[in-house]
1. The conditions are (1) crowded, with 20+ Cβ neighbours inside 10 Å; (2) within 24 Å of ARG256 (Cβ to Cβ); (3) more than 16 Å from the ligand (Cβ to nearest atom), and GLU68 fails exactly one of them. Which is it?
2. Return a yes/no flag: does region 99-115 have any residue that is farther than 22 Å from PRO176 by Cα and surrounded by 24 or more Cβ atoms within 10 Å (Cβ to Cβ).
3. Quickly run through region 55-109 and pick out the residues that are small (Gly, Ala, Ser) and assigned to a strand (DSSP E or B).
4. Would you point out which residue out of ILE18, ILE35 is more than 27 Å from ALA251 (Cβ to Cβ) and within 16 Å of the ligand (Cβ to nearest atom)?
5. Residues in region 122-138: is at least one part of a strand (DSSP E or B) and closer than 21 Å to GLN168 by Cα?
6. Does any residue in region 25-50 that is within 14 Å of THR2 (Cβ to Cβ) and touching a residue at least 40 places away in the same chain (Cβ under 8 Å) come within less than 9 Å, Cβ to Cβ, of a residue that is of a type in the set (Ser, Thr, Tyr) and surrounded by fewer than 14 Cβ atoms within 10 Å (Cβ to Cβ) six or more places away or on a different chain, and which pairs are these?
7. Please verify whether SER266 is over 17 Å from the mean Cα position of the chain (by Cα), surrounded by 18 or more Cβ atoms within 10 Å (Cβ to Cβ) and polar (S, T, N, Q), treating the condition exactly as stated.
8. So which of LEU169, LEU112 is within 20 Å of ARG227 (Cα to Cα) and in contact (Cβ under 8 Å) with a residue 12 or more places away in the chain?
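Quick note: the coordinates plus some simple rules give every number you see, no bench work behind them. For clarity, every value in this text was computed on a predicted model and none was experimentally measured. Glycine also receives a Cβ, built like all others from the backbone with ideal geometry; neighbour counts cover every protein chain displayed.
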Amino acid sequence: RTLGLITTDLALHAPSQIASAVKTRAGERGASVLISMVEHPQQCLAAVQELLAQRVEGLLVNVPLEDEQAESLQAQAVPVPVLFLDVSPTARVHSLVFDAGQGAALGAQHLLALGHQRIALLGGPQRSVSARARLAGWLSTLATAGVEPCAIAEGDWSAASGYEKGHQLLAGAMLPQAILVANDQMALGVMRACADKGISVPGQLSVVGFDDTTDSAWFTPPLTTIRQAFREAGLRSVEWLLAQQGIVGQAPAQTRLPVSLIERHSTA
Ligand code: IPT
């Protein structure tokens with residue numbers, strides 16, 4: 001059997017770890033996976049058509065998509081089942097997504113519990129639904145505690161952007177006590193910016209990431225982050241696709257995977 005995976009940039013750690021898990025599980029099930037990497041959501045339709053022409057029996061889509069984009073892709077693929085990994089729960093499609101609101105709340109509550117009030121936010125690219133959901137989650141958790149972020153910046157998920165925006169957030173007259181970062185790669189860049197400026201983490205500034213990619217325990221210091229179990233997401237999405245028969249027309253199956261706070265040494 002053959003499955004298709006349409007994915008965003010595999011040079012990023014999270015999508016590559018998901019793709020790896022998908023490959024592994026499919027292999028264990030005797031299925032092969034054709035991978036198509038897209039740079040823009042607009043390229044998804046061509047990728048779907050290309051994979052359908054190669055007779056895939058199911059499709060996984062790990063590209064951040066707006067509701068209408070996902071709904072129209074799902075319609076294009078009929079009768080082949082499609083499972084989306086980076087959409088809002090409001091999209092009327094089959095999806096398996098991590099709970100971004102819970103993840104954002106866990107990170108913000110952790111910093112508040114440590115007594116931090118001057119908190120800066122480094123969000124992901126706002127064209128990504130998940131980046132928007134994380135930012136919204138931080139803002140609402142902080143607002144509930146009566147805290148307004150001292151600064152907000154937007155990166156593009158890369159460590160380089162974390163470094164650049166990190167320098168921006170650290171340039172003000174008053175140093176933030178903590179920074180919530182939308183992914184671990186940007187957190188790596190932020191910590192590098194701190195090192196440049198001789199700011200000690202977590203002595204002078206706490207940093208929280210998001211993802212818990214496999215390298216995050218090896219950063220200096222080891223990163224406190226929100227764990228998204230990529231391996232499990234990969235396994236479950238393959239199992240779901242292989243179990244589908246005649247789902248077309250069925251109500252969307254939506255699974256929300258819980259996330260968890262992993263406390264390491266970048267927060268105090
Ligand atoms: C999301 C990651 O958290 C982020 O680090 C980045 O790699 C992004 O993917 C790329 O699209 S995880 C996604 C399943 C929401």
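1. If we test GLU68 against (1) crowded, with 20+ Cβ neighbours inside 10 Å; (2) within 24 Å of ARG256 (Cβ to Cβ); (3) more than 16 Å from the ligand (Cβ to nearest atom), just (1) comes out false.
2. Scanning region 99-115 turns up at least one residue that is farther than 22 Å from PRO176 by Cα and surrounded by 24 or more Cβ atoms within 10 Å (Cβ to Cβ).
3. Passing the criteria: GLY58, SER95.
4. Residue meeting the stated conditions: ILE35.
5. yes
6. Pairs that qualify, where the first residue is within 14 Å of THR2 (Cβ to Cβ) and touching a residue at least 40 places away in the same chain (Cβ under 8 Å) and the partner is of a type in the set (Ser, Thr, Tyr) and surrounded by fewer than 14 Cβ atoms within 10 Å (Cβ to Cβ), are ALA26/SER32.
7. Judged against the criteria, SER266 is a match.
8. LEU112
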